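Here the structure comes first, spelled out in structure tokens, and everything after it is commentary.
Any read-out appearing in this document is the output of simple, stated calculations on the displayed coordinates, not a laboratory observation. The structure displayed is predicted, hence computed values, not measured ones. Reconstructed Cβ throughout: ideal geometry from the backbone, glycine too, with neighbour counts over all protein chains shown.
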Amino acid sequence: MLDVTLGLAILLTGGMFFAKIAQLFSLPSVTGFILAGLILGPSGFSVITADTVGHNLDHFIQIALMLIAFGIGEHIEIRRLGKIAKQVGYICFGQAAATFFLVALSTLVLSWALNIGKPFVHHGVLALLLGAVALANAPAAILHMVRELDARGPFTSILMAVIALGDGLAIATFGIVISITHQMVSPEDISLYSGALGSIYEIGGSLAIGAATGLLTDIVLHKTHNRGEMLTTGLALLLLCGELTRVLALSPLLAGMTAGFILINREERDIRLFRILNGFEPPIYVLFFTLAGVHLDLSMLKLAGWIGAAYFTTRFCGKYLGSWMGSHLAGASQTVKKYIALGLFPQAGIAIGLVFVINSDPLLVPWAEEITPIVLAGVVLAEIFGPIFAKKAFLQANETTAPMNKQQSQNPENSLPGLLFSRSDELHLMPWAGDTLYPSANPKGVVIFGAANYATVRGLARVATILAHEFEALPLSVRIIVPGSKWNMANPNEDSLFLPETDEVKSLGYPLLTETIQGEPIPGLIQAVRENSTKALVLGYPLGRNPLTIQKIVEKVAASVTCPVVVVRFIGTFACDRILVPILSPDELELLLPVLDAMATARQPTITLMQLLHADCSRKEIMSAEEQLHQWLSMNLLETTTFPLAVPAGSRLEAILQEARHHDLIIMKAVRRRGLNKLFLGSLAAAVVTNCHNPVFTVYPGKASPPPKKTG
């Protein structure tokens, strides 16, 4: 039998792996989680099964359901609905009523026709339960898609509000239906009056416990100020709420949603617990959805039969017709009328959770065997086609600012073809649009760039020329001819080797010096630097998925020369109007100043100096760091638009990547490390080069310090 701890590790790892694969196809992570469960479960390799690890993790399912219900309550904030409240209300109740009616009616008719020997109560209970489950949407899947597409606008706002309110209505309806079915299937012969009282008890009791939990949580939050204390007490109250409703035979989902609803609609509106739980939820959600996939047996598609087909079809029809009627009555826009239903089609977490509730209810066991394959088969199909329809809705609504899509268009590495095939056209170098750069009448040395790749040589030539203008030097293109290469054997005309960079340098207003060296790259570059009065050496990271393959060459050369080495990572369109300079300490600016001066002189960009502070720094430390940066800027880069910025960084890499979205180019210092020092301490610059979708300059100090400065 598989160990539970190992099972957890397999579920988490497999879920995240397939989530990344799903993202490559522009599908939400939830689809990847469920796919992982399918592959790990009975439908795949049977690594995880309900009989081995699955049932031992049922408590994670209960926790996840409570957190999902509580999170849905957050999105039902009455004050935020505002002007769209009418549209949201009509659409929400319209799609819910139509879906429940169509699914329940079709189930009742087919169940009676296919199982004539069973009592009518059996068919009625099955119809009511499937009708209630059909109302559930997939808030997690749509929320993932909204974030990935960066969708914003009235359509997105209405859709998210409808999903949140709709799932709240689904949970409430399910609670009512469970109460009604309990009275219908109770072994005791109870009167209509007693049945109504029983329903009122279940619904009212769930609402009361949820409201009490929300009020108590609000009181506790005002008494605690530490994030750890808030997480501990808030989670304890939610779990206590869930366990109390289970013991009293009430609805934990309805209670959890009510708690979130009460908390978010309080006058104080304390959302800290929601945000803290956001950091706690991901692994629980991964386990929940991956376990849901484990419970999905593709053979159930056959068991679902005609009722399963009717459930899937009538649910879609109900969502579409009901939302269209609701939006028409509310006077919504044509975009909302046409496409709102596509965003309501996905179904995953809540529906699976409701199935788990039915399976754990002793009174509903006879129906669970029929409902489970029907709903799970519908979830499989909805998770395959639903995200595709939802994405189409956002695109048709024209509300996707989609920085991810822009990055993919600039960087083929982000798309699936880019991962499978190496490309050489990542660099898009626009014609030089700046002022002509006039060389010094008395040049003092050279700025060398290595011309090893025709795909990047023009870009390197431009960077080297800009630096040469700063140092009052000339650009020198050096091409290393490796013995035995086709260039060496063919004895070509040397001038033909330098045509691309010659044209580029000339377009900036400079002449180009050239030199060829026979030998290996590292000794050849070191020789070129030492034989000339070199102010800087410019090299290029190779294009493709692994730019750091040149790292050993760069580090060995930088350790052997006295001038700074500027290594350029080209990706997407090379522009330098908005430059980001991340630093750990202001001391790094001494090395970077000549490069910043050069860029400022050539293009007059906007430069942001971003100092990365420790995550727990105080406001005073932030202000002090920004003041220090401001003082440095007041003495340097006087004619350039600059912004000092001090950022508390929980992750330095993530902080840089977030800020890089608003910039064209990153310039940062690289640290030379070797051996175990490099292995354990790593390199922030290398991580940025590997993960960032902006061009990057990494500046290595030469073995002599300080770096060369502008003369004359």
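Want the number for residue 623 to residue 268: 0.36 nm per residue separation, take away the alpha-carbon distance, what's left?
Values: separation 355, 0.36 × 355 = 127.80 nm, distance 2.96 nm.
Length gained between residue 623 and residue 268: 124.8 nm.
The phi-based Karplus calculation (6.51 cos²θ - 1.76 cosθ + 1.60; θ = phi - 60°) puts the 3J(HN,Hα) values of segment 454-465 at 5, 6, 10, 5, 5, x, 5, 4, 5, 4, 4, 5 Hz, whole numbers, x for Gly and Pro.
The simple spin-label model puts a point 7 Å past each Cα toward its Cβ; for residue 118 and residue 306 those points are separated by 1.4 nm. What does the C-alpha gyration tensor say about the overall shape of segment 574-695? Classify as rounded when a/c is under 1.5, otherwise prolate if a/b is larger than b/c, or oblate. Cα axes put segment 574-695 in the oblate bin. For residue 702, the residues whose amide H sits under 5 Å from its own are 565, ignoring neighbours fewer than 5 places away on the same chain, with H placed 1.01 Å from N. Remark: 43, 327, 560, 651 ranked as 651, 560, 43, 327, counting other beta-carbon atoms within 10 Å and listing the fewest first. Label sites at residue 615 and residue 243, each approximated as a point 7 angstrom past Cα along Cα to Cβ, lie 2.9 nm apart.
With a simple spin-label model that places each label point 7 Å from the Cα along the Cα-to-Cβ direction, the separation between residue 560 and residue 636 comes to 2.9 nm.
Packing around the peptides 234-243, 97-106, taken as the average count of other Cβ atoms within 10 Å per residue, puts them in this order, highest first: 97-106, 234-243.
Mind giving me the FRET efficiency for residue 444 and residue 687? R0 is 60 Å, r the Cβ-Cβ distance, nearest 0.05 is fine. Could you put the intermediate results ahead of the total?
Values: r = 36 Å, r/R0 = 0.60.
Efficiency computed from Cβ-Cβ geometry: 0.95.
Panel order for 122, 428, 663, by other beta carbons found within 10 Å of each beta carbon, from fewest to most: 428, 122, 663. Answer rounded, prolate or oblate for segment 241-292, using the Cα gyration tensor with square roots of eigenvalues a ≥ b ≥ c: rounded when a/c is under 1.5, else prolate when a/b is larger than b/c, else oblate. Oblate.
Would you mind counting up the charge near residue 236? Only other residues with Cβ under 13 Å from its Cβ, with Lys and Arg at +1 and Asp and Glu at -1. Spelling it out: positives minus negatives among the neighbours equals -2. Ranked by the mean number of other Cβ atoms within 10 Å of their residues, highest first, the peptides 174-185, 500-511, 265-276 come out as 174-185, 500-511, 265-276. Take 218-226, 456-464, 305-313 and order them by the average number of nearby Cβ atoms within 10 Å per residue, most first; the result is 456-464, 305-313, 218-226. Taking the Cα of residue 643, stepping 7 Å toward and past its beta carbon, and measuring to each backbone N in segment 567-598: which are under 17 Å? Counting backbone N atoms under 17 Å from the label point, the list is 576-583.
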